[in-house]
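Q: Sharing a structure, written as structure tokens. Questions coming.
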Amino acid sequence: MIRGGIYSVCLAFLIISSMSLISAQEITHIISNSEDWKDVYSVIHYANLKKISNDFLVSTKHGSVLLNGLKKNKEIMVISSRTSPFVINYDSAIIDAGFAGADEITVDNANLELVGDLPDIKDFIFVEGTYGYNAIAVAPYAVLTNSWVFQADRANIDDIASILDSRKVENIMIYGFVDKEVKNALEKYNPEVIDTGDRFKDDIEITKKYLGKKPVTQVILSNGEFIEKEIMSGSGPVLFTGKENVPDQIKEYIEGSDIEIGVLIGADLVGAATNIRRSTGISVIVKFARGARTQTGGISAVEGLDLFYLPIPIMELDLYSAKYNRGTSQLELTYQSSSNIPIFFKGTITPRSESENKIRVGDIEPVFIAPNDFKTVVYSDIDFTEEKIFVDVFALYGDTPTSLEKILEKTLEVDMINIIDRCKIEIKGITYSKSKDSFIVNIKNIGEIDCWADVELSKVIIGGREKTLGSEGSKKINSGKSKKIIIKEKMDNEDLEENNFVNVIVYYGERENSLVKILKGKFELDVEFLSFATIGIIVLILIILSSLIILIILFKKRKKENDLW
């Protein structure tokens, strides 16, 4: 907390000295000059709370293009990143372009520094800063309620706590998942929490709060993946459409609301917005371009909107193979994830031959797949007599079972195989290692053939949320041998107390990328505070220290005897 207090003093000094420029002149426009999305978001939000028109740079070239769209009578304040500005000495370029005036201040962290020039702010919204969609969701409500949005994590919460200590705080909201350290630091303020574990449901909740204070019939439609001026302005709440598919919860909410018009921001979302229009009946206006600010010929063309893209998780799913196993009368579909986060998918499969369509099959519940992993889904009791069969696959997928916003459509020819999988395994137990921050699942191969296994832990409670965890790819277990499969996940004592028993699911089989057999069980979780290796090292150190002490004692005794002689 001492570090945070010192930092806050430094921030206050920086703000007082730099913001005097803003108070000293009639600033009529603010421009963000940073490659860091957190700076851009905070500068634009700061300007909106100040009720000053604003823009942001998206590239170095954009610096001159942006000025072409502004009136020369503007008094401009440039807020630049100290470490990652797009344009160096941008204020000089603005003055050279003939504007009424321009000043520039630099910031190290706009989110923590600019709030210093908003001393009357008493309401604060906290979001986690890894991905930007939660910050986008709360932006309109934050403008409406005159609230500052903090992008908080365990690294900066002490600094933020020091800022809050210097103010009369009235309302705190935690939106979406945040680190436990953030929750603990804010507990004394009795914060309102919106965190359903589903970003679309969270978005609906913040939209309801906006409409409760300012009833409107027009909303903004976006996927939360970029900053755009209208999205940040507070003119209306932002409803997430999803990237390709519109999640059911969004459709149902719109159908039951008084929303009549949706303004879609960005041409990439036209497909999802079309789905909304067809399924809910609201009118959809697409905002995808603006008038050109650079003359390229006799007639000015339109140009794309200024969009600052945010970091987002990678979600990519593909159909790796389709096989029909005559030995088991099963259709085996193997999916491959190229995602950097765990995702869920739900497929509808239409088998067909050259002569006829077959009975359609599909997944009843969303299926989990770990990052960069394979998952084989088996459909039983299917009778294929033709030699040439195709499958049309339509799968929805997303980062939670209820956020299936992306679409996979693919057709594959089915390979015919005849394999009886002879793998046999046992789950011997599960341990959590505190020293390794990992679950360790012990599996024994009790069969006569080498097997491959992939482990999944379902309904693990972490930070009060249910979560599904998976191992990193399938592991080979030799016949008659055991294998400890590791799943990395940091758990504190509170989490461990919530997980006395863990649901373990093992997908296994003879073929590494076709794990067609499943074994499930609920096992008591053993907690290992020190590994055997750590204990061994400690014992070895103690032995060495004891030996050294004995040697020193013997040496001193021998020296004393020699001195007596």
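Laboratory data are not the source of any read-out in this text; all were calculated from the coordinates shown. Model, not experiment: these values are computed from the prediction. Please note: Cβ atoms are built from the backbone with ideal geometry, for glycine as well, and neighbour counts cover all protein chains shown.
Q: Ranking His45, His29, His62 by Cβ neighbours within 10 Å, fewest first, what do you get?
A: Numbers: His45 27, His29 21, His62 16.
Fewest-to-most ranking of His45, His29, His62: His62, His29, His45.
Q: Take peptides 263-275, 384-396 and line them up by average Cβ neighbours within 10 Å, highest first, as a rough protection proxy. Kindly include the intermediate steps, with their values, before the conclusion.
A: On the way: 263-275: 18.8, 384-396: 16.4.
The most tightly packed comes first, giving 263-275, 384-396.
Q: Separate question: How big is the charge dipole of region 317-414 about its Cα centre, in debye rounded to the nearest 20, if each Lys and Arg gets +1 on its Cβ and each Asp and Glu gets -1 on its Cβ?
A: Details: 10 positive and 16 negative charges, 16 e Å.
The dipole magnitude comes to about 80 debye.
Q: Among Ile30, Val378, Leu540, flag the residue with its Cα farthest along the positive direction of the charge dipole of the chain, charges on Cβ as +1 for Lys/Arg and -1 for Asp/Glu.
A: Of the listed residues, the answer is Leu540.
Q: Rounded to the nearest 0.05, what FRET efficiency do Asp450 and Glu409 have when you use their Cβ-Cβ distance and R0 = 45 Å? Mind dumping the intermediate values first?
A: Details: r = 36 Å, r/R0 = 0.80.
For R0 = 45 Å, the calculated efficiency reads 0.80.
Q: Please state the charge dipole magnitude for the chain, taken about the Cα centre, from unit charges on C-beta atoms (+1 on K and R, -1 on D and E), reported in debye and rounded to the nearest 20. Provide the component values of the computation, followed by the final result.
A: Numbers: 65 positive and 82 negative charges, 241 e Å.
With only Lys, Arg, Asp and Glu charged at Cβ, the dipole is about 1160 debye.
Q: Please work out the Cα convex hull volume for region 152-290 and give it in Å³ per residue. Show your work: numbers first, answer last.
A: On the way: hull volume 18.7 nm³, N = 139.
In region 152-290, the Cα hull volume divided by residue count equals 134 Å³.
Q: What ranking do Ile88, Ile440, Ile172 get, fewest neighbouring Cβ atoms within 10 angstrom at the top? Mind dumping the intermediate values first?
A: Values: Ile88 11, Ile440 18, Ile172 21.
Ranked by crowding around the Cβ, least crowded first: Ile88, Ile440, Ile172.
Q: Which helices pass in the chain if a helix is a full DSSP H run, must span at least 27 angstrom along its long axis by Cα, and must have mean Kyte-Doolittle hydropathy not below 1.6? The partial results should precede the final answer.
A: On the way: long enough: 2-24 (33 Å, 1.67); 532-564 (48 Å, 1.51).
Result, helices passing both filters: 2-24.
Q: Below 8 Å between Cα atoms, with a sequence gap of 6+, how large is the relative contact order for region 425-529 in percent?
A: Values: 253 pairs, mean separation 35.3, N = 105.
Relative contact order for region 425-529 comes out at 34 percent.
Q: Any of Lys74/Lys213; Lys459/Lys488; Lys483/Lys520; Lys72/Lys287; Lys38/Lys71; Lys51/Lys214 with alpha carbons more than 22 Å apart? Name them for me. All intermediate terms of the calculation are to be shown ahead of the outcome.
A: Values: Lys74/Lys213 33 Å; Lys459/Lys488 16 Å; Lys483/Lys520 17 Å; Lys72/Lys287 26 Å; Lys38/Lys71 27 Å; Lys51/Lys214 18 Å.
The answer is Lys74/Lys213; Lys72/Lys287; Lys38/Lys71.
Q: Please compute, for the alpha-carbon atoms of region 425-529, the extent along each of the three principal axes and give them in descending order in Å.
A: Cα extents, longest axis first: 41, 23, 20 Å.
Q: Another question about this same structure. Determine the gain in length on full extension of the stretch Val302-Ile419; use 0.36 nm per residue of separation and subtract their C-alpha separation, reporting nm with one decimal. Can you show the working numbers first?
A: Details: separation 117, 0.36 × 117 = 42.12 nm, distance 5.95 nm.
Residue separation times 0.36 nm, minus the Cα-Cα distance, leaves 36.2 nm.
Q: What spacing in nm lies between the two simple spin-label points modelled at Lys50 and Leu548, each 7 Å away from Cα in the Cβ direction?
A: Here the answer is 6.0 nm between the modelled labels.
Q: Further, regarding this structure: Straight-line reach from Lys358: which lysines fall under 21 Å, measuring Cα to Cα and dropping same-chain residues less than 8 apart?
A: In chain and number order, the partners are Lys323, Lys346, Lys388, Lys410.
Q: With only Lys, Arg, Asp and Glu charged, each at its Cβ (+1 for the first two, -1 for the last two), find how big the charge dipole of region 158-204 is about the Cα centre; round to the nearest 20 debye. Please list the in-between numbers first.
A: Details: 7 positive and 12 negative charges, 26 e Å.
It comes to approximately 120 debye.
Q: What is the fewest-to-most order of Met416, Met315 by other Cβ atoms lying within 10 Å of their Cβ?
A: Numbers: Met416 14, Met315 21.
Neighbour counts put them in this order, fewest first: Met416, Met315.
Q: In deg cm²/dmol and to the nearest 500, what is the mean residue ellipticity at 222 nm of the chain if only DSSP H runs of at least 4 residues count, each as -39500 (n - 2.57), divided by the residue total?
A: Details: 14 runs with 160 residues, N = 565.
That calculation yields -8500 deg cm²/dmol at 222 nm.
Q: Need the list of lysines near Lys188 for cross-linking: C-alpha distance under 22 angstrom, and skip anything on the same chain fewer than eight residues off.
A: Straight-line reach from Lys188, under 22 Å: Lys122, Lys168, Lys180.
Q: Another question, if that's okay. Among Tyr320, Pro215, Asn68, which residue has its Cα furthest toward the positive end of the charge dipole of the chain, with +1 on Lys/Arg Cβ and -1 on Asp/Glu Cβ?
A: Ranked along the dipole, the leading option is Tyr320.
Q: Taking a quarter of the surface of the Cα convex hull of region 317-414, what do you get in nm²?
A: On the way: hull surface 23.3 nm².
Seen from a random direction, the Cα hull of region 317-414 projects 5.8 nm² on average.
Q: Among DSSP beta bridges whose residues both lie in the chain, state the antiparallel percentage, nearest 5.
A: Details: 82 of 130 bridges.
Beta bridges within the chain, antiparallel portion: roughly 65 percent.
Q: While we're on this one: List the aspartates and glutamates whose Cα sits under 14 Å from the Cα of Lys243, skipping any in the same chain fewer than 8 residues away.
A: Glu225, Asp268, Glu316, Asp399, Glu405
Q: Near Glu192, within a Cβ-to-Cβ distance under 15 Å, what is the net charge of the other residues, with Lys and Arg +1 and Asp and Glu -1?
A: Values: positive: Lys122, Lys183, Lys188, Lys208, Lys209, Lys213; negative: Asp123, Glu170, Glu187, Asp195, Asp202, Glu205.
Computed value for this residue: 0.
Q: With each label point set 7 Å from Cα along the Cα-Cβ vector, what nm distance links Leu519 and Val270?
A: About 5.3 nm, to one decimal.
Q: Let me ask you something else. Over all Cα pairs of region 2-212, how is the pair count split among 5 Å bins, expressed in % and running from 0 up to the last occupied bin?
A: 1, 7, 15, 19, 19, 15, 11, 8, 4, 1, 0
Q: Return the distance in nm (one decimal) between the two label points of a simple spin-label model at Asn73 and Gln330, each offset 7 Å from Cα along Cα→Cβ.
A: Going from the Asn73 label point to the Gln330 one covers 7.6 nm.
Q: Taking R0 as 51 Å, what's the FRET efficiency between Asp526 and Ser380 from their Cβ-Cβ distance, rounded to 0.05? Write down the numbers at each step before the final one.
A: Working: r = 35 Å, r/R0 = 0.69.
The formula returns an efficiency of 0.90 here.
Q: Oh, and also: How much of the pair distance distribution for the chain lies past 35 Å, counting alpha-carbon pairs only, in percent?
A: Of the Cα pairs, 53 percent sit more than 35 Å apart.
Q: Which Cα, out of Ile172, Ile136, Asn156, lies furthest along the positive dipole direction of region 122-189 (beta carbon charges, K/R +1, D/E -1)?
A: Final value for the positive-end residue is Ile172.
Q: Where Lys and Arg each count +1 and Asp and Glu each count -1, what net charge lies around Ile157 among other residues with Cβ under 9 Å from its Cβ? Spell out each step's value before the answer.
A: Values: positive: Arg154; negative: Asp153, Asp158, Asp159, Asp179, Glu181.
Taking every other residue near Ile157 into account, the sum is -4.
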